[in-house]
Amino acid sequence: MKNVLILGAGLVVRPIVRYLLEKGYHVTVASRTKSKAENMIDKHKNGIAIAWTVDQEKELDKMVSDHDLTVSLLP
């Protein structure tokens, strides 16, 4: 199973998250506001929401290394 990290939880994130989850990928959405990330995942069993901000560089390095693909949708 492929693991995909999505950075950001703005309006453009929902389609890619839904698509990946429907195709069986494990998707982690990391966003400043965890509730927005949770909303994108919509309680899907393959989804994880994480509260994260751009100043958390060590956490970013770890998240990127733990995933097969990272997509940044940050402004």
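None of the figures in this text is laboratory data; all of them are computed from the coordinates on show. Remember, predicted model here, so these are calculated numbers, not experimental data. Don't worry about glycine lacking a Cβ; one is built from the backbone with ideal geometry, like all the others, and counts go over all protein chains shown.
Quick notes on this structure:
- Cut-off 12 Å between beta-carbons: net charge of the residues surrounding Ile16, Lys and Arg +1, Asp and Glu -1: +2
- Overall, the ratio between the Cα radius of gyration of the chain and 2.2 N^0.38 Å, rounded to two decimals, is 0.97.
- If you take all other residues with their beta carbon under 11 Å from the beta carbon of Lys2, and give Lys and Arg +1 and Asp and Glu -1, the sum is 0.
- For Lys2, the lysines whose Cα comes closer than 20 Å to its Cα, not counting residues fewer than 8 places off in the same chain, are Lys23, Lys43, Lys45, Lys62.
- With contacts taken as Cα pairs under 8 Å and at least 6 residues apart, the chain reaches a relative contact order of 41 percent.
- In nm, spacing of pseudo-spin labels at Val71 and Ile16 (7 Å Cα→C-beta vector): 0.5 nm
- Ellipticity estimate at 222 nm from DSSP helix runs (n ≥ 4, -39,500 (n - 2.57)) divided over the chain, nearest 500: -10000 deg cm²/dmol
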